[in-house]
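K.L.:
The following block contains the structure, expressed as structure tokens.
The values are calculated or read from the model by the stated rules, or taken from the named source; none is laboratory data. Everything numeric in this text was worked out from a predicted model, so none of it was measured. All Cβ positions, even for glycine, are placed from backbone atoms using ideal geometry, and neighbour counts span all protein chains on display.
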Amino acid sequence: MALPPEVCIRGAGIVGHTLALLLARERVRVALVAPPREGPRPEDVRAYALNARSQRLLESLRAWPDADHATAVREMLVHGDDGGRVHFEAGQQAVDALAWIVDVPALEARLAEAVRFSPQVDVVAEPVKAALTVICEGKASATREALGVAYDVTRYPQQAIATRLRAELPHGAVARQWFNDRGEVLALLPLGGEAGHEVALVWSVEQFRTSGLVAQDEAAFCDGVRAACADALGALTLTSPRVAWPLQRATAERWVGRLPVDQGGGAWALAGDAAHTVHPLAGQGLNLGLADVAELARVLKERDYWRSAGDARLLRRYERARRADVLAMGLATDGLQQLFSQTAQPLPQLRNWGMRGFDRLPLVKRWVARQAMGLA
């Protein structure tokens, strides 16, 4: 890169790569910090649910995975703990898909390939001086911690277990989710194309159960999943390792500021999990992170020609715009988790009655679905 970068991005995950490509498209010079990886990479069993806004964004960057690694969700079935049910269909929302379930390694590979061919992006091993440093290092961000930015964390008494399964019956491009009366949530997400039998499991379970389920005999684990999902897809077989992580809702106290003089003195901004996390029950974590960088790129694109990328007014505009969206999603997911963790009557009856009533309100369902798809 002949000229120094205007923006340095710390964190070379999906959010960081996407921001680099968005800025490069606007002819902004970018340094993307990607330290060399030490040792072989462990198998990644994660799959993300991406909404229509995220899909359009990644497709515009030519970073959308092929059909084998991005499965359209045509229907979504959400089951309560006592007969409540909500059913969403893409056709009722006048869209082709409610969401897409995307293999993380495939998406990361497409983004990395796009960055390699972008002359505006320089991949570096160490942070460099720039007018703006964007921190996309995830929820355990070392840079955010070094800057002394408080990260307000609410920990749930649960952990998430993720793995891949092969089902006896085809998934039919349907995403399925079950709540139980302990606040646990099990989701089976379709993979491998619309006629596939592969599903991604995301199971939020009570903390004391996690280690036992991860270490459990494979057949017994699959039987437990089969019972928890009411035998929706027949016999199940594990096809990947099981991984687990603690669940939390968190928001950084500040999302923008200035670096110390000894670190260059430029401006900084947080994006993605470095700025916020939410409960995964709605599958909106990465969508929020991609919306962050889309908004930041928009703000920088529309700036006056004389403003630098680190202009404080621009960054405050970005922070205000994104905080409201993240707060609303955090409250919604937290409220659902809390609602299903209450066992005292009449709450179980009321929440299932509410689900059945909601399912009979097409206009309200359409509004909620379009909010989740990022089309509101």
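K.L.:
Can you go through Val128, Val115 and tell me which one is touching a residue at least 12 places away in the same chain (Cβ under 8 Å) and under 16 Å from Val15 (Cβ atoms)?
P.N.:
Details: Val128 fails: under 16 Å from Val15 (Cβ atoms).
Only one candidate qualifies: Val115.
K.L.:
Shifting gears a bit: Consider Tyr318 carefully, then state whether it is aromatic (Phe, Trp, Tyr) and part of a helix (DSSP H, G or I).
P.N.:
The answer is yes for Tyr318.
K.L.:
Moving on. Within region 156-170, count every residue that is aliphatic (A, V, I, L, M) and assigned to a loop (DSSP other than H, G, I, E, B).
P.N.:
1
K.L.:
Something else about it: Can you work out which of the residues in region 91-122 that are of a type in the set (Val, Ile, Thr) and assigned to a helix (DSSP H, G or I) is farthest from Gln263 (Cα to Cα)? Even if it seems obvious, please write down each step before you answer.
P.N.:
Here is the first cut: in region 91-122, the residues of a type in the set (Val, Ile, Thr) are 95, 101-102, 104, 115, 121.
From what is left, the residues that are assigned to a helix (DSSP H, G or I) are 104, 115.
On the way: Val104: 33, Val115: 26 Å.
The extreme case among them is Val104.
K.L.:
Can you report the number of residues in region 186-242 which are among the hydroxyl-bearing types (Ser, Thr, Tyr) and either more than 17 Å from Glu43 (Cβ to Cβ) or without any contact (Cβ under 8 Å) to a residue 40 or more places away in the chain (or both)?
P.N.:
Total satisfying the criteria: 3.
K.L.:
From the list Leu201, Leu169, Leu165, which residue is among the hydrophobic types (A, V, I, L, M, F, W, C), out of contact with any strand residue (DSSP E or B) (no Cβ under 8 Å at 6 or more places or on another chain) and at pLDDT 95 or above?
P.N.:
Going through Leu201, Leu169, Leu165 in turn, the sole match is Leu169.
K.L.:
Hey, another quick one. Please tell me if Thr71 is within 16 Å of Arg116 (Cβ to Cβ) and hydroxyl-bearing (Ser, Thr, Tyr).
P.N.:
no
K.L.:
May I pose another question? Looking only at region 250-265, count every residue that is outside any loop (DSSP other than H, G, I, E, B) and either modelled with pLDDT under 90 or within 15 Å of Arg316 (Cα to Cα) (or both) and tell me the total.
P.N.:
Just the residues of region 250-265 that are outside any loop (DSSP other than H, G, I, E, B), to begin with: 250-252, 256-258, 261-263.
Now restrict to residues that are either modelled with pLDDT under 90 or within 15 Å of Arg316 (Cα to Cα) (or both): 252, 256-258, 261-263.
Final tally of qualifying residues: 7.
K.L.:
Is it fair to say His87 is in contact with a strand residue (DSSP E or B) (Cβ under 7 Å, 6 or more places away or on another chain), surrounded by fewer than 15 Cβ atoms within 10 Å (Cβ to Cβ) and within 17 Å of Ala282 (Cβ to Cβ)?
P.N.:
yes
K.L.:
Go through region 247-284 and give me each residue that's out of contact with any helix residue (DSSP H, G or I) (no Cβ under 7 Å at 6 or more places or on another chain) and within 15 Å of Ala49 (Cα to Cα).
P.N.:
If the condition is that a residue be out of contact with any helix residue (DSSP H, G or I) (no Cβ under 7 Å at 6 or more places or on another chain) and within 15 Å of Ala49 (Cα to Cα), then Pro280, Gly283 are the ones that fit.
K.L.:
Return the only residue of Arg316, Arg320, Arg303, Arg307 being of a type in the set (Lys, Arg), more than 27 Å from Ala175 (Cβ to Cβ), modelled with pLDDT of 75 or more and touching a strand residue (DSSP E or B) at 6+ places or on another chain (Cβ under 7 Å).
P.N.:
Arg316
K.L.:
Within region 229-243, take every residue that is surrounded by fewer than 18 Cβ atoms within 10 Å (Cβ to Cβ) and outside any loop (DSSP other than H, G, I, E, B) and give me the one that is farthest from the chain's Cα centre (by Cα).
P.N.:
Thr237
K.L.:
Now, a different point. Do any residues in region 1-26 that are closer than 22 Å to Arg56 by Cα and in contact (Cβ under 8 Å) with a residue 40 or more places away in the chain have Cβ atoms under 6 Å from those of residues that are part of a loop (DSSP other than H, G, I, E, B) and among the hydroxyl-bearing types (Ser, Thr, Tyr), where the two are at least six apart or on different chains, and which pairs are they?
P.N.:
Matching pairs, first to second residue: Ala24/Ser118.
K.L.:
May I ask you to list the residues in region 357-376 that are touching a helix residue (DSSP H, G or I) at 6+ places or on another chain (Cβ under 6 Å), modelled with pLDDT under 70 and in a helix (DSSP H, G or I)?
P.N.:
none
K.L.:
Check every one of the strands (runs of 3 or more DSSP E) wholly within region 15-90 and list those with 1 or more residues that are under 16 Å from the mean Cα position of the chain (by Cα).
P.N.:
Passing ranges, in order: 47-50, 70-73.
K.L.:
Separate question: For region 123-155, name all the residues that are in a strand (DSSP E or B) and buried (at least 20 other Cβ atoms within 10 Å of the Cβ).
P.N.:
Passing the criteria: Leu132, Thr133, Val134, Ile135.
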